[in-house]
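Worksheet for the structure shown next.
The values are calculated or read from the model by the stated rules, or taken from the named source; none is laboratory data. Since the structure is predicted, the reported quantities are computational estimates derived from the model, not experimental observations. Accessible surface is based on the protein model in full, side chains and every heavy atom, while ligands, DNA and RNA are left aside. Shrake-Rupley method; radii C 1.70, N 1.55, O 1.52, S 1.80 Å.
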Amino acid sequence: MSRVLWLICVVAIGISLVAFASESPGPVRTNAGFVARIELTGPIGPATEEYVHGALRHAAEDGATAVVLQMDTPGGLAESMDGIVADILASKLPVLGYVAPGGARAASAGTYILYACPIAAMAPATHLGAATPVSLGGRSPMPAPAQNPLAPAKSASTPAQHEPAPDAESQKVLNDAIASIRSLAQLHGRNAAWAERAVRGAATLTASEAADQHVIDFVAADVASLLAQADGHSVKAGGQTITLKLRGLPVSDYLPDWRERFLAIITNPTIAYVLLMVGIYGLILEAFHPGAFLPGVVGGICLLIGLYALQLLPVNYAGLALMALGLALLLTEVFVPMAGVLGVGGVVAFVLGSIMLFRTGVPGYAVNLGVIAGIASSAIVLLALLLRLVMRARRAHVFNGDEQMLRATGELLQAVMAGGESWARIGGESWRVHSEAALPAGTRVRVTSRQGLLLQVIPVPAREGELS
């Protein structure tokens, strides 16, 4: 049976790899060149950074004329964003940042990436901005709002009790973010003042407003319009000034390969959390049932993958420690029943740790509360079942003790003489018995006392024997 399971797993993995590999079409090659398109969708994380880095490299190797970076993102991790910005600035191919389709956004980290592109464009009904950095603790380093210039000025003696100054660390993060986006704006001659407002005050703009304020180069309804409007523009890429000739060029999509898709799946905080739980519970089941192998193998693989995902994500280690404490308390409750005290404490610690684990304030990087509630509910049900079994065991009669044996009745297998010994079947077992009275074989007897492996018996009255 185990060989069949292993064969099924190997076949499933092979089919998945082939499917992933076959879904990435090759580039369209023409004598006039082509434009590579990279789609940046969803939260920006380690998988997104690796995908953009690899796609830019492959597009250059395949001889693309330019790259369209099409975005629809709520933001993401600053470290991954910095990697993508660095790849765009180092690219030998001109990168055209394009917020599309309609309804898409380039918020937070997406705003920095759009500013890093030599050409920036947006589709109608899209927006960008709200680029204020968020600390890993979930606090915004954004200072208090600036005073309304139309409001009366405060005197020097008026205490500023309602305007707490940001701490030094938050101020450094804020200033660094402002300097970063201003430098990108100045590099491509865009509106640096609005870029600072997007970081300092979380300002946002629609596509038409962004074009009017020179935050982007133009508004384009689709990729063909983008290439037509970008045609003839001079941009800097790879240390050289390039005049774009993009009108009418074919577009080739560069999709993530199987490794990047796998990385995107496991770095989803909810998936990473579930993998961690499956790994832990699989190892616990293997410890309780040695030799089962399947729970241990699956649990070990899931735990390693989950730990790999955790080291790529912004983990709150206090939350991770609370989860470990909760599991330890639940296991202690199993071996040392404490009327549910340890178990309830373990469930509370586990739930609090799960909520804290990825709570960073970064869009898309929090564990789904429904998953946490489901796992916590399962733990509560198992704890209640365990407590019920413990209480039932405490109320149950002792089956192999002297108290239970004194209630047992049986049947003589051989006749016994007065004051002699014989054999009787009691409780489905053959016992050596002693009787003060002479009894024939087949007589119903009851145990009155026990001396080691020798039982003292007396005959059961006929009426009681019939009832038993």
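Can you sort Leu187, Leu128, Leu283 by 1.4 Å-probe accessible area, starting with the largest?
Working: Leu187 100, Leu128 0, Leu283 75 Å².
Largest accessible area first, the residues go Leu187, Leu283, Leu128.
Note on exposure: Arg200, Arg407, Arg247, Arg446 ranked by accessible area (1.4 Å probe, complete protein assembly) read Arg247, Arg407, Arg200, Arg446, with the most exposed listed first. Per-residue SASA remark: Thr241, around 100 Å² accessible (1.4 Å probe; ligands, DNA and RNA not included). Measuring with a 1.4 angstrom probe and ignoring ligands and nucleic acids, His233 comes out at about 70 Å² accessible. Rounded if a/c is under 1.5, else prolate if a/b beats b/c, else oblate: with a ≥ b ≥ c from the C-alpha gyration tensor eigenvalues square-rooted, which is region 77-117? It is oblate, given that a/c is not under 1.5 and a/b is not larger than b/c.
Computed on the Cα trace of region 401-459, the radius of gyration divided by the Kirkwood hydrodynamic radius gives Rg/Rh = 0.91. Solvent exposure of Glu260, expressed as accessible area, is near 20 Å², computed with a probe of 1.4 Å over the protein chains only.
For Val99, the residues whose modelled amide H falls within less than 5 Å of its own, excluding neighbours fewer than 5 places apart on the same chain, are Met71, Ala121, Met122, Ala123. Each eigenvalue of the Cα gyration tensor of region 51-108, multiplied by 5 and square-rooted, gives one semi-axis; in descending order these are 21, 15, 8 Å. Near the amide H of Ala408, within less than 5 Å, lie the amide hydrogens of Val447, all on another chain or at least 5 residues away, with H placed in the peptide plane. Which far-off residues, 5 or more places away or on another chain, put their amide H under 5 Å from the one on Leu246, with H placed in the peptide plane? Amide H to amide H, under 5 Å and 5 or more residues apart or across chains, Leu246 pairs with Asp231, Gly232. Ordered from largest to smallest accessible area (heavy atoms of protein chains, 1.4 Å probe), the residues Cys302, Cys117 come out as Cys302, Cys117. Distance from the alpha carbon centroid of region 410-446 to that of region 220-244 works out to 105 angstrom. Measuring spread by the Cα atoms of region 249-350 yields a radius of gyration and Dmax of 18.1, 73 Å. Remark: region 429-444, residue by residue, has Karplus-estimated 3J(HN,Hα) of 10, 8, 10, 7, 10, 10, 10, 7, 10, 6, 9, x, 5, x, 6, 6 Hz, where x stands for each Gly or Pro and the curve is 6.51 cos²θ - 1.76 cosθ + 1.60 at θ = phi - 60°. Here region 51-103 and region 282-335 have alpha carbon centers that stand 37 Å from each other. Rounded to whole numbers, the Karplus 3J(HN,Hα) couplings from phi for region 276-289 are 4, 5, 4, x, 5, 5, x, 5, 5, 4, 5, 5, 7, 10 Hz, using 6.51 cos²θ - 1.76 cosθ + 1.60 with θ = phi - 60°, and x at Gly and Pro.
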